[in-house]
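Encoded as structure tokens, the structure appears first; notes follow it.
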Amino acid sequence: MTTLTPPRTEPARPLDPPASPPSAPPVNADPPPPPRPRRRGVWFLAGVLSASAVAASAVAVVESRNDSGSPPGATAVATDAPGLGGGESAREMSIAGDVVDVSQLVADVRDGVVSIRTTVIDPRDIFQTTTVEGAGTGFVVDADGLIATNAHVVAGATDVKVTFDDGRTVDGTVLGSDSTDDLAVVKVDRTGLHALTLGDSQALAVGEPVVAIGNALALPGGPTATSGIVSALDRSIDTNNGEHLEHLIQTDAAINPGNSGGPLLTLDGSVIGVNSAGADQAQNIGFAIGMSGARPILEQLEAGQHIKRPFIGVRTRVVDSQLSQMLDLGVDHGVLIADVTAGSPAEAAGLRRGDVITAAAGTDIDSADDLTHAITETGADHDLDLQVRRGDERLDITVTVGSRDA
């Protein structure tokens, strides 16, 4: 997308295990029922919230869903910057003992941040057409009306309304959406907009101060600004919407329902991430999609290109010593195939549920991310050599990688 604002000079392994798939069949003998894992946290997509979450005098954080919304007329939330912490003025944040005034940053970029309201037909009501509203955030990437946001913010929307800081609301059209990377581009019929500068997330360092701005909880009165630091880089998470997001920026800047699609900025006003997810059982943990990886995807979406992803069609579970002993797998590493998609390259190659993939392209597999990386590196229409354990057998299986819409 050549028209995107150019950057100045200037985002591994899942934090928590993915939700356990349906129990894989035993390879040799019926195993005892697996122990129930301790639930360590659920990562939610922070894009859409229930209309009942915003009341006249009270606010409650709700779990993100794509089937709930904000009250009519809600645009964004107040610039009192909750969460700046430490008893300081809401205008300031403390970084390494130095007080940094973020009020000017918020003033400089807020007219480039928008609230997004959507109307979605509720698929659960099979007897009548029921619509629900959702609320999220976006930011301007081109002065002639291009808005970046998350795919889950606009997923299934039959109507998209974009509200700017000056109070004007216009219709939006989704030009493209990539659910795998949770990115989307919306076009509005408005020019002369304030396009935010896109930065380089690869230049970030852990501990660097950042500010998140967005439509948190869809409260009226202007955007919410929260501040913090880059807590970690190159994180991977599995969300409660079934998404697996990789190469994320972790931050302790508060990211709540409604924040999704908003910018994560450095103190000079450069967007280095697209806020996407938070944790419902943890404090001060939020995630943003790094701008260095997001930018080329946004460019393809703006151009109307379909994003294709290489795949083989398996759902897996990481093998550890406990799982290996429980199912008598005979290996202490790899990924156990929990399901094989019908008609997929994996099925065509003869992979089965219960197989353990221990290596791909000559490299040991220790996680789902390792397998995903090998598939991506191989690319669609190319052969990927796998080492597989099936019962007492060690097999060499070659699968031709396919592709599918992201």
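The values are calculated or read from the model by the stated rules, or taken from the named source; none is laboratory data. In this text, all values refer to a predicted model and were calculated from it rather than measured experimentally. Cβ: placed from backbone, ideal geometry, glycine included. Neighbour counts: every protein chain shown. Each accessible area value is taken on the protein alone, full model and side chains, heavy atoms only, with ligands, DNA and RNA left out. Shrake-Rupley method; radii C 1.70, N 1.55, O 1.52, S 1.80 Å.
Looking for something among the aliphatic types (A, V, I, L, M), at pLDDT below 90 and under 23 Å from Arg117 (Cα atoms) - is there at least one such residue anywhere in the stretch 259-275?
Step one: list which residues in the stretch 259-275 are among the aliphatic types (A, V, I, L, M), which gives 264-265, 267, 271-272, 274.
Cutting the leftovers down to at pLDDT below 90 gives us none.
Within the stretch 259-275, none of the residues are among the aliphatic types (A, V, I, L, M), at pLDDT below 90 and under 23 Å from Arg117 (Cα atoms).
Please state which one of Ile237, Ile249, Ile213, Ile229 is on the phi < 0 side of the Ramachandran plot, among the hydrophobic types (A, V, I, L, M, F, W, C) and in contact with a His (Cβ under 9 Å, 6 or more places away or on another chain).
Only one candidate passes the filter, namely Ile237.
What tally of residues in the stretch 199-223 results from selecting those that are part of a strand (DSSP E or B) and at pLDDT below 85?
Here is the first cut: in the stretch 199-223, the residues part of a strand (DSSP E or B) are 209-214.
Now restrict to residues that are at pLDDT below 85: none.
Number of matching residues: 0.
Filter the stretch 84-133 for residues that are modelled with pLDDT of 85 or more and small (Gly, Ala, Ser) and give the result.
Those that are modelled with pLDDT of 85 or more and small (Gly, Ala, Ser): Ser103, Ala107, Gly112, Ser115.
Taking only the stretch 282-292 into account, find how many residues are open to solvent by 20 Å² or more (accessible area, probe 1.4 Å) and touching a helix residue (DSSP H, G or I) at 6+ places or on another chain (Cβ under 6 Å). Before the answer, list the steps.
Kept after step one, since they are open to solvent by 20 Å² or more (accessible area, probe 1.4 Å), are these residues of the stretch 282-292: 282-285, 292.
Still in the list and also touching a helix residue (DSSP H, G or I) at 6+ places or on another chain (Cβ under 6 Å): 292.
Residues flagged as open to solvent by 20 Å² or more (accessible area, probe 1.4 Å) and touching a helix residue (DSSP H, G or I) at 6+ places or on another chain (Cβ under 6 Å) within the stretch 282-292 amount to 1.
Can you name the residue in the stretch 180-195 that is surrounded by 24 or more Cβ atoms within 10 Å (Cβ to Cβ) and out of contact with any His (no Cβ under 7 Å at 6 or more places or on another chain) and is also modelled with the lowest pLDDT among such residues? Before the answer, list the steps.
To start, the set of residues in the stretch 180-195 that are surrounded by 24 or more Cβ atoms within 10 Å (Cβ to Cβ) comprises 181-186.
Then drop every residue that is not out of contact with any His (no Cβ under 7 Å at 6 or more places or on another chain), which leaves 181, 183-186.
Details: Asp181: 87, Leu183: 94, Ala184: 94, Val185: 95, Val186: 96.
Among those residues, the one meeting the criterion is Asp181.
Filter the stretch 293-315 down to the residues that are closer than 28 Å to Ile365 by Cα and open to solvent by 30 Å² or more (accessible area, probe 1.4 Å) and list them by number.
Residues of the stretch 293-315 that are closer than 28 Å to Ile365 by Cα, as a first pass: 293-294, 297, 307-315.
Selection gives Gly293, Lys308, Arg309, Pro310, Phe311, Val314, Arg315.
Considering only residues that are at pLDDT 90 or above, touching a Ser or Thr at 6+ places or on another chain (Cβ under 9 Å) and open to solvent by 20 Å² or more (accessible area, probe 1.4 Å), which ones fall in the stretch 382-406?
Within the stretch 382-406, His382, Asp383, Asp385, Gln387, Arg389, Arg394 qualify.
In the stretch 316-370, which residue that is modelled with pLDDT of 90 or more and of a type in the set (Lys, Arg) is least open to solvent (accessible area, probe 1.4 Å)?
Arg353
Quick check, is Asp165 surrounded by 19 or more Cβ atoms within 10 Å (Cβ to Cβ), in contact with a His (Cβ under 9 Å, 6 or more places away or on another chain) and modelled with pLDDT of 90 or more?
Taking the combined requirement at face value, the residue does not satisfy it.
Run down Leu105, Leu175, Leu196 and say which single residue is in a loop (DSSP other than H, G, I, E, B) and out of contact with any Cys (no Cβ under 9 Å at 6 or more places or on another chain).
Leu196 is the lone residue from the list that is in a loop (DSSP other than H, G, I, E, B) and out of contact with any Cys (no Cβ under 9 Å at 6 or more places or on another chain).
Those residues that are surrounded by fewer than 14 Cβ atoms within 10 Å (Cβ to Cβ) and more than 16 Å from Thr118 (Cβ to Cβ), I need them from the stretch 168-178; list them, please.
The one that is surrounded by fewer than 14 Cβ atoms within 10 Å (Cβ to Cβ) and more than 16 Å from Thr118 (Cβ to Cβ): Arg168.
Quick check: is even one residue across the stretch 140-153 open to solvent by 30 Å² or more (accessible area, probe 1.4 Å) and at pLDDT below 90?
There is no residue in the stretch 140-153 that is open to solvent by 30 Å² or more (accessible area, probe 1.4 Å) and at pLDDT below 90.
Out of Ile229, Ile237, report the one residue that is open to solvent by less than 20 Å² (accessible area, probe 1.4 Å) and either over 13 Å from Ala288 (Cα atoms) or part of a strand (DSSP E or B) (or both).
Numbers: Ile229 fails: open to solvent by less than 20 Å² (accessible area, probe 1.4 Å).
Of Ile229, Ile237, the one residue that is open to solvent by less than 20 Å² (accessible area, probe 1.4 Å) and either over 13 Å from Ala288 (Cα atoms) or part of a strand (DSSP E or B) (or both) is Ile237.
Kindly check whether there is at least one residue in the stretch 253-273 that is part of a strand (DSSP E or B) and open to solvent by 10 Å² or more (accessible area, probe 1.4 Å). Working first, answer last.
Our first condition is that a residue be part of a strand (DSSP E or B); within the stretch 253-273, this holds for 263-265, 271-273.
If we keep only those that are open to solvent by 10 Å² or more (accessible area, probe 1.4 Å) too, we end up with none.
No, the stretch 253-273 has no match at all.
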